[in-house]
Amino acid sequence: MGNYGLSLTIFGIIFNVKKGWFVKWLSKYEVIDQEPFRKIDCLFGFFVFFIAFSVYLHTLTPTIGFHDSGELITVAWTLGIAHPPGYPFYTIFGKLWTTLIPIGNVAFRMNMQSALFASLAAMMVYFITLKLTRKIIPSIVASLILAFSLTFWEQAIIAEKYTLNAFFATLIIFILLKWQEIMSQKLLLVFSFILSLSFTHHFQTIYLVPGSILFILAISWKNRKMFNRRIPRPILQKIKFLILRFATLPLRMNLSLSFILKMVLVFVIPLSLWLYLPLRANQDPIFNWGDPRNLDNFIIHILVKSYTGYFLSIKESLIRLSSHLGFFTLQFNKYILWIPIIGIPFFLKRKILLFFFLLIFIVNVLHSIRFTIVNIYDYYIPSFIIMSIIIGIGLSFIVRFLPFLSFFILLLVLFPYLSNHFQNTRTKFFFSYDYGMNILRPLKKEAIAFSYGDYDAFPLWYLQHVEERRKDIASLTWMFLPCDWHIGSAKRLHPNISFPFSSIAYKDLKYHNIGGVIQERLNKIITSNFDMYPIYAGHGIRQEKGIADNFSLIPDGLFFKLLPKDEKRLTEELEKTKIVFLFQGKGFKDRVASDVWKNYALIYNEVGNLYRQKDVDRAIAEYKKALSIDSSCLASRLNLAFAYIDKKNYNEAKNELEKIIKEDKNFNPTLVHYGLGLVYQKEGNFREAIEEYNQALKSDPNNERARQCLEQCKILLDKE
């Protein structure tokens, strides 16, 4: 009995052998249809793959996107270390894929890799639904509804890690259903291997673990061999009988300790891929995020300890729950989301499967509501997969009782396809690529360029180290300045640049004031290199202490060139400034593309501000350029209005100010009403001017200019 001690403890706690709740809970209908797939079933599975892959290729992003796209592509191509947890499987597979598939540019190939895994995941959803329902049409519809859902489609056409997660998740679910069908221990070993392999990519598949354990134990219990001995009457014999019954339980469930150890061994083998991180880090790759060469850094990296600040408290998470559940309506729309209700009878007879799916859903949601990243939709893909399978089950009931509706059910695929086609057609999505090129192109030779964060840094990484453009530029990222792995990479790439500060161990960063470290390192790099190299700062950091205070800034492309505090030098540089942006990007702009698009307008706005005191006509032209790019840029519209006032074009000024009030009455009300007051005062309409100045003072009682103008208007009104 000692050989089964561990298993006995586990099973004894979970199961009441004689009259426990678990016995009563299990249903005699749990067994899924055991018929093997026919050729026609498999052909339609390949059909689903072909349709999904064809649509994805037709809408594929031609180059890098925003978010982690530029970083992941660059890391795969250069065999570097990605952001936590490191993604060793994705990195190695991506390198093989981009090397062996000579189609298009490297970014296009990585985007195609996402499309491949998304199509495979959709195909697996078809086979899962078919195994549960034996209905081809509902299975096709379920898989394509997932394939064309908003977030899943979006991830399928860009280099990201989530479609590989989806493929692993669907493969794991299918393996468990197949195991339930034939009860082969080999399939549990395959399950253990695939689950472990998925962990070497991303821990998102951990959402499946509680449900998978429950499923395996429940099915094993249901299929256990019965202990066919009579219960003896003497008390000692009865105790011996019960001990023997418990001791043999793991064997009777085909889950002996020796087999569990085999599963553990098979699970451990793929985890060796994690050794890629310290081994490669020791070779000092170009991108060595977290530098996981030692045990401390390795643990911090794979356990994502540097991202703990992204999690909310339990109370805050529960507040977000209702809004996050609304994501499902956004993915599947209201015409489809009611269908799972029809499948309730299916789960009433298959409670193990119900709890398997329910646990995946609950664990996924409870984790994701705590995470504060902007692209949180992507973390719900496991739940979207479960929802699509349940939709297929609901549709199978409709087909079973109303078979004449089969054709119309196929039309349901058109709802997500037509709803999401425009938003996910990215064949001309060059916005990230253009953004990076418009940063790099104007920079002077051997310049040092400080970007703010990943949205401007990752495109530069790709352009410089995959397409090998402007490798003379030292690209430094403000948010990574405290990290020695980032500074170390810059030192290796640009050994002549001075970095006059001591290093800080990755594990010790938590003991430092990160903002203070960034400020110190930023200022030291600038001051020690200012006389030798041109230095540029991006939008997000140009107002940093030490930059705005000590230097004049002049736009040069999308970044600002740092100049000495010298008005004559600033004027000379301004006369030479000619801002020209090249654009290839067209079509739908996602949230990030829309945000960075505004930076083009802000550059023209800044040029206009520099010209305002010297050449008002040129300033007006620059403000108009800003508004032609982003008509919602109210700062440019306000500046344009005051430029018109300077030029005494009061009607134009009034029109611009009224447009601001119409669009957003809360935008800088002090200046808007002050400007209108000036217009009315210049036109001799003192009553209106007084009203506007009062509005300005209501917003800012300390505005002396508005108060002085108000007093002037009162005096002038009294004289009338």
Which distance in Å, rounded to a whole number, links the C-alpha centroids of the range 520-544 and the range 318-383?
-> 47 Å
How long is the range 429-493 along each principal axis, judged by its Cα atoms, biggest number first, in Å?
-> 33, 23, 19
Mind listing the phi-derived Karplus ³J(HN,Hα) values for the range 626-642, rounded to whole Hz, using 6.51, -1.76 and 1.60 with θ = phi - 60°, and x for any glycine or proline?
-> 4, 6, 5, 7, 9, 5, 8, 6, 5, 5, 5, 5, 5, 5, 4, 4, 6
The range 504-610 - Debye-derived log10 I(q)/I(0), Cα point model, q = 0.11, 0.17, 0.19, 0.21 Å⁻¹ | -0.47, -0.92, -1.04, -1.14
Filtering GluC sites (Glu not before Pro) in the range 411-512 by DSSP loop and by at most 10 other Cβ atoms within 10 Å leaves Glu468
At what distance in angstrom do the alpha carbon centres of the range 669-698 and the range 198-218 lie from each other?
-> 65 Å
Residue exposure sequence - Trp485, Trp153 - by fewest surrounding Cβ within 10 Å = Trp485, Trp153
Over the range 431-588, what relative contact order in percent results from Cα pairs under 8 Å that are six or more residues apart?
-> 26 percent
With θ set to phi - 60° and the Karplus curve 6.51 cos²θ - 1.76 cosθ + 1.60, what are the ³J(HN,Hα) couplings of the range 336-343 in order, to the nearest whole Hz, using x for Gly and Pro?
-> 10, 5, 7, 4, x, 4, 5, x
Shape call, the range 431-588: gyration tensor on alpha carbons, a/c limit 1.5 | oblate
Computed over the Cα atoms, what is the radius of gyration of the chain divided by 2.2 N^0.38 Å, N being its residue count?
-> 1.19
Between Asn668 and Phe501, the FRET efficiency computed from the C-beta separation at R0 = 30 Å comes out, to the nearest 0.05, as 0.15
Mind listing the long-range amide H neighbours of Ser552? Cut-off is under 5 Å, sequence gap 5 or more, other chains count too, H placed in the peptide plane at 1.01 Å from N.
-> Leu563, Lys565, Asp566
Where does each of Lys614, Lys654 land when they are ranked from fewest to most other beta-carbon atoms within 10 angstrom?
-> Lys614, Lys654
Please give the length that would be gained between Asn513 and Asn550 if that part of the chain were fully extended, namely 0.36 nm times their separation in residues minus their C-alpha to C-alpha distance (nm, one decimal).
-> 11.0 nm
Percent RCO, i.e. relative contact order, over the range 668-720, from Cα pairs under 8 Å lying at least 6 residues apart | 36 percent
Determine ³J(HN,Hα), in whole Hz, for all residues of the range 519-527 in sequence, where each value follows from phi through the Karplus function 6.51 cos²θ - 1.76 cosθ + 1.60 and θ = phi - 60°; x replaces Gly and Pro.
-> 4, 5, 5, 4, 5, 5, 5, 5, 5
Please name whichever of Phe327, Ile64, Phe560 sits farthest to the positive end of the charge dipole of the chain, dipole taken about the Cα centre and charges placed at Cβ: Lys and Arg +1, Asp and Glu -1.
-> Phe327
Chymotrypsin sites (Phe, Trp or Tyr not before Pro) restricted to the range 386-476 and DSSP loop, no more than 11 other C-beta within 10 Å = Phe422
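Since every read-out is calculated from the coordinates, none of them should be taken as a lab result. All figures in this text were calculated on a predicted structure; none of them were measured in a lab. Every residue, glycine as well, gets a Cβ built from its backbone with ideal geometry; the counts of neighbours run over all protein chains shown.
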